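Enquirer: Okay, handing you the structure first.
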There are 2 protein chains.
Amino acid sequence: MQSDTKNRADIDVLGIGNAIVDVVSQAEEALIGELGLERGAMTLIDEARSEELYARMGPGREVSGGSCGNSIAAIAAMGGSTAFIGRVKDDQLGRIFAHDIRAAGVAFASAPAADGPATARCLVFVTPDAQRTMQTYLGACVDLGPEDVDEALVASAEVTYFEGYLYDKPAAKAACRKAAEICHENGRLLALTMSDPFCVDRWRGEFRELVKNEVDILFANEAEIMSLYQVDEFDEALQAVRQDVGFAALTRGPKGSVVVKDQEVHVIDAVPPSRVLDTTGAGDLYAAGFLRGLTAGLDLASCGHLGSAAAAAIIGQYGARSIEPLLPLYEVVASQRR
Amino acid sequence: MQSDTKNRADIDVLGIGNAIVDVVSQAEEALIGELGLERGAMTLIDEARSEELYARMGPGREVSGGSCGNSIAAIAAMGGSTAFIGRVKDDQLGRIFAHDIRAAGVAFASAPAADGPATARCLVFVTPDAQRTMQTYLGACVDLGPEDVDEALVASAEVTYFEGYLYDKPAAKAACRKAAEICHENGRLLALTMSDPFCVDRWRGEFRELVKNEVDILFANEAEIMSLYQVDEFDEALQAVRQDVGFAALTRGPKGSVVVKDQEVHVIDAVPPSRVLDTTGAGDLYAAGFLRGLTAGLDLASCGHLGSAAAAAIIGQYGARSIEPLLPLYEVVASQRR
């Protein structure tokens, strides 16, 4: 970040994403098969299927989620200034979402809808290997559109960060396009997370065009980036990213991450987690740490380290909103900055 | 490689290294402590200590070794044309070494010494975790000097590859310097492997100067390169290498390798070994695969893949000279070249 840009930005990171409440439950391996779920993926379902699966689910805990929302809440928890755009209904889950994200210190700008579909929920089945299988009813999120994207808000954010999942609905996609335009007109940065390999599969052509022409910073995990370029080796995807995007952070689970920006390439080790309970949110928290570091002016390797530390913290607990304070992670990395 | 250079080179890779016969034995963890050995390292010992340790060692198998010799034998096994310079005595182990390396298809140019110290041996204690602790009596190797470096031979090799271990003896170091000069005068490439982190520790200052000013291709593992630059993070070493050397292949065990050449950076996955019996020679075989690929004109990612495949093959057996044919590894990678 140039410091002149920084001075003009009122907030560090604005998120645009699906406002979702997660319902997290432990699940035996067998249940995944019985229910016919796509293991490890995020699958979109309708309300009826949501009710059916909920009835079969074990005791759950409700926790505000949504990939982008998780990242924004974590950036706030690490001391960054943030805002979030996402649609909820004025119902119980909608109030939970709004409460939680505001309690995390995020400016939640979107007014709840008085009618229309219910607040979105994601049924998360966590298998004994700490993998999550997600079934999402998008509900109120389907109404997110360009009119929700406040021009002044986008213009005031150093980075606008949105999730690929938005591409699953045409109006939300139009919202992304509008945000991209405002970003570019105002010299701000547009960041995208690819969300999941199945999402990449659904929107490969548009994502390729998007990362090539619109996106300033790309976040993707290994499976996503290999799916985007339809290659078998991580290194092939890396070469394509260096050509196409210029600036990206590619996460590889226990193998760490690779950060590229123009001619700079950093190979960052994963931070070994104290335990692995639930990998939900590892990518969201990596992006959070990275963007927190970036908007604080840290060097790219430190941004990657902070991302890794935040990811390690989140997989040691259930759910993707941290129970432990995250600020110390930022303080440690910032104090060691090179 | 420029094809005009390639056409003028008679051999692909010339190795200069210690000519050592390995005596490999399984060892319980406790024995390492009892004998006061530096676990995981290569330690130089004298003849008396060699006899003492040999007496305490379990049943062993003799197999020709030496880091550079292992690489050269493997390059030959993968179809490359090779030669080796190294000193043995005309004794039983010396004849074993010469037989084995010639049987591998390597032109072994050095005449055995009629007198002086015995042929070098390395007592290799393989602990149950597949780690090796090496105790080396250098014997006849100490007499390797500039007079052993045949100018025409170096000038005829596309790459001259030598091991950092040579720096442990002044005459051998002078031999390296001579080889470097001949390489540069003839537009050939000089490649170095750092050998081990303790070796780097012994010669850090000279190695830094060497990699900066003389070496065209550097091979090092993670521990070695972090020791060279005295940094705590792999990424810091990577940045230093990109500044200092330009062209390097850095191995990271199960985390794969990173290949850099000027602005090119490749992050190459390890090939999962079918089993891990003995990690002896993993680095030697990686370098072998890489150099075989490079002198065959493969792209850098393919060179890294071939290195990984060769390393995976060798750690599934005891000792660093492959029992299985290695040529198919080259043929597979070469047929898939991009």
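Enquirer: Report yes if some residue within the range B:94-113 is assigned to a strand (DSSP E or B), farther than 20 Å from B:ALA9 by Cα and not basic (Lys, Arg); otherwise report no.
Expert: yes
Enquirer: I'd like to verify a number: residues in the range B:47-93 that are surrounded by fewer than 24 Cβ atoms within 10 Å (Cβ to Cβ), under 17 Å from the mean Cα position of the chain (by Cα) and hydrophobic (A, V, I, L, M, F, W, C), how many?
Expert: Of the residues in the range B:47-93, 1 are surrounded by fewer than 24 Cβ atoms within 10 Å (Cβ to Cβ), under 17 Å from the mean Cα position of the chain (by Cα) and hydrophobic (A, V, I, L, M, F, W, C).
Enquirer: From (1) within 18 Å of B:VAL159 (Cα to Cα); (2) assigned to a helix (DSSP H, G or I), pick out the condition that doesn't hold for B:GLY297.
Expert: With respect to (1) within 18 Å of B:VAL159 (Cα to Cα); (2) assigned to a helix (DSSP H, G or I), B:GLY297 is out only on (2).
Enquirer: With (1) touching a Gly at 6+ places or on another chain (Cβ under 7 Å); (2) assigned to a strand (DSSP E or B) as the list, and B:VAL260 as the residue in question, which single condition is left unmet?
Expert: (1)
Enquirer: On the given criteria, is A:SER257 farther than 19 Å from B:LYS255 by Cα and among the polar types (S, T, N, Q)?
Expert: No, not satisfied.
Enquirer: Right, next: From B:PRO325, B:PRO254, which residue is surrounded by fewer than 19 Cβ atoms within 10 Å (Cβ to Cβ) and not in a loop (DSSP other than H, G, I, E, B)?
Expert: B:PRO254
Enquirer: Also: So, of the residues in the range B:3-29 that are more than 22 Å from B:THR136 (Cβ to Cβ) and outside any strand (DSSP E or B), which turns out to be modelled with the highest pLDDT?
Expert: If we take residues in the range B:3-29 being more than 22 Å from B:THR136 (Cβ to Cβ) and outside any strand (DSSP E or B), then B:ASP10 is modelled with the highest pLDDT.
Enquirer: Another question, then. Select from the range A:302-338 the residues that are of a type in the set (Ser, Thr, Tyr) and within 23 Å of A:ASN221 (Cβ to Cβ) and list them in ascending order.
Expert: Result: A:SER302, A:SER308, A:TYR318, A:SER322, A:TYR330.
Enquirer: Starting from residues that are more than 9 Å from chain B (Cβ to nearest Cβ) and among the acidic types (Asp, Glu), keep the ones in the range A:226-261 and report whichever is farthest from A:THR279 (Cα to Cα).
Expert: If we take residues in the range A:226-261 being more than 9 Å from chain B (Cβ to nearest Cβ) and among the acidic types (Asp, Glu), then A:ASP244 is farthest from A:THR279 (Cα to Cα).
Enquirer: Next up: In the range A:185-225, what count of residues is obtained for those that are away from every other protein chain (no Cβ under 14 Å), of a type in the set (Val, Ile, Thr) and closer than 16 Å to A:VAL259 by Cβ?
Expert: Residues in the range A:185-225 being away from every other protein chain (no Cβ under 14 Å), of a type in the set (Val, Ile, Thr) and closer than 16 Å to A:VAL259 by Cβ: 4 in total.
Enquirer: Take residues that are of a type in the set (Asp, Glu) and in contact with a Pro (Cβ under 6 Å, 6 or more places away or on another chain) and tell me which of the helices (runs of 4 or more DSSP H) falling wholly in the range A:180-235 contain 1 or more.
Expert: A:222-228
Enquirer: Pairs under 8 Å by beta carbon, first residue more than 19 Å from B:VAL23 (Cα to Cα) and modelled with pLDDT of 90 or more in the range B:93-113, partner in a loop (DSSP other than H, G, I, E, B) and of a type in the set (Val, Ile, Thr), six or more apart or different chains?
Expert: Pairs that qualify, where the first residue is more than 19 Å from B:VAL23 (Cα to Cα) and modelled with pLDDT of 90 or more and the partner is in a loop (DSSP other than H, G, I, E, B) and of a type in the set (Val, Ile, Thr), are B:PRO112/B:VAL88; B:ALA113/B:VAL88.
Enquirer: Continuing with the same structure: When you check B:PHE125 against the structure, is it closer than 30 Å to B:ALA30 by Cβ and either assigned to a strand (DSSP E or B) or without any contact (Cβ under 8 Å) to a residue 12 or more places away in the chain (or both), yes or no?
Expert: yes
Enquirer: Does any residue of the range A:273-287 turn out to be crowded, with 19+ Cβ neighbours inside 10 Å, part of a loop (DSSP other than H, G, I, E, B) and within 14 Å of chain B (Cβ to nearest Cβ)?
Expert: No, there is no match, as no residue in the range A:273-287 is crowded, with 19+ Cβ neighbours inside 10 Å, part of a loop (DSSP other than H, G, I, E, B) and within 14 Å of chain B (Cβ to nearest Cβ).
The values are calculated or read from the model by the stated rules, or taken from the named source; none is laboratory data. Quick caveat, the model's predicted, so the values are computed rather than measured. Please note: Cβ atoms are built from the backbone with ideal geometry, for glycine as well, and neighbour counts cover all protein chains shown.
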